[in-house]
Amino acid sequence: MQCRWATWREDVIAMDMGWNRLFEMGDSMVGFVVKTVYGTLMTPALVSNWLEEEDGKCKLCDDAPGTIKHILSGCRVALAQGRYRWRHDKVLKQTSEQVIYHCTKRVNKQSVGGAEAPKVINFVPSGKRPPATDSNRVNKKDTFGILNGANDWIVLTDIGKQLKFPPEIAITRQRPDLVLISRAIKRVLWWELTCPSEERIAEDHELKLDRYCPLKNECESNGWSCTNLAVEVGARGLVAESLGKAANMIGMKGRIIKKLVRDSGREAAHCSRWIYILSRKREWESRMI
């Protein structure tokens with residue numbers, strides 16, 4: 001039980017557990033994350049090993065073992081009450097805010113189709129090495145991956161199931177969680193976010209990609225360039241490699257990606273902690289996103 005993390009550790013980004021990060025998280029959150037990863041959190045299934053009066057079942061559905069995996073992502077009652085949706089939307093809000101900032105403050109500031117900036121010639125004194133060329137650095141900073149070539153990107157999010165996919169791109173009832181659109185170059189891409197148990201990250205990734213393949217094909221048949229991406233943030237707060245790769249594809253680099261990963265994982269862990277704390281309470285009060 002305590003070694004199961006080894007089966008999915010290759011699918012997630014290593015969590016930053018430096019001192020600054022630990023102090024920022026606080027004792028209770030650090031304890032929660034560590035215990036969920038190593039399977040030592042007090043759950044009905046675990047307590048039943050030494051208490052005869054504990055049946056080990058989930059206190060919400062009463063028909064499945066109350067393991068941490070079940071409590072955080074597998075209970076049908078919690079799903080029906082919107083507990084997992086609440087966590088999903090909180091993580092989506094955190095992620096989308098950073099993507100929106102990236103698009104509006106960085107990507108949409110790029111010059112498209114304009115005249116090239118004048119080149120500056122730096123003279124090097126005799127006997128000294130020339131410094132690293134700024135042109136290479138600028139090119140790297142100005143590279144926004146598949147968002148290059150347009151500065152009219154808009155971002156749509158499906159928080160609260162309110163997203164309406166633009167009908168000029170495709171007529172569909174499907175609602176990807178995060179949609180980026182440039183009408184200037186007729187390009188659309190989306191992120192479909194999932195907050196599964198870490199054991200299911202790889203499986204859910206493929207399921208989500210397959211789910212949106214028909215929509216991708218329809219967009220392409222209507223003359224749009226389309227990219228279908230699935231990203232996962234684990235219920236224990238560990239972030240899948242897919243989020244870092246998706247962020248890199250839209251031009252996020254270095255510290256920007258690290259912040260996105262850190263904040264998304266922290267939000268997921270914070271919400272999961274409340275889901276765990278209230279796992280013995282049958283009533284679920286809707287929380288504002």
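The values are calculated or read from the model by the stated rules, or taken from the named source; none is laboratory data. What you are looking at is a predicted structure, and each value in this text was computed from that prediction instead of being measured. Glycine also receives a Cβ, built like all others from the backbone with ideal geometry; neighbour counts cover every protein chain displayed.
Odds and ends about this structure:
- Considering residues of segment 172-189 that are in contact (Cβ under 8 Å) with a residue 12 or more places away in the chain and more than 13 Å from TRP224 (Cα to Cα) only, the residue surrounded by the most Cβ atoms within 10 Å (Cβ to Cβ): PRO176
- Within the option set GLU218, GLU199, being farther than 30 Å from LEU22 by Cβ and either surrounded by fewer than 23 Cβ atoms within 10 Å (Cβ to Cβ) or of a type in the set (A, V, I, L, M, F, W, C) (or both) holds for one residue only, GLU218.
- Segment 93-139 - residue that is modelled with pLDDT under 65 and among the hydroxyl-bearing types (Ser, Thr, Tyr) and, of those, nearest to ILE181 (Cα to Cα): SER135
- The residue pairs whose first member lies in segment 27-39 and is closer than 18 Å to ALA14 by Cβ, whose second member is surrounded by fewer than 14 Cβ atoms within 10 Å (Cβ to Cβ), and whose beta carbons are closer than 6 Å, counting only pairs six or more residues apart or on different chains, are VAL30/LEU22; TYR38/GLN2.
- Which listed residue is closer than 21 Å to ILE201 by Cα, of a type outside the set (A, V, I, L, M, F, W, C) and without any contact (Cβ under 8 Å) to a residue 12 or more places away in the chain, from ARG76, ARG85: ARG85
- Residue match in segment 204-220 (condition: in contact (Cβ under 8 Å) with a residue 12 or more places away in the chain and of a type in the set (S, T, N, Q)): no
- Total residues in segment 84-95 satisfying the condition of being surrounded by 24 or more Cβ atoms within 10 Å (Cβ to Cβ) and under 18 Å from ILE68 (Cβ atoms): the figure is 1.
- Matching residues in segment 24-56 - criterion: being touching a helix residue (DSSP H, G or I) at 6+ places or on another chain (Cβ under 6 Å) and either at pLDDT 85 or above or within 19 Å of VAL239 (Cα to Cα) (or both): VAL30, PHE32, VAL33, THR36, VAL37, LEU41, THR43, GLY56
- Helices (runs of 4 or more DSSP H) contained entirely in segment 173-289, each with at least 2 residues that are outside the structural domain of LYS161 (by TED's automatic domain parsing): 254-277
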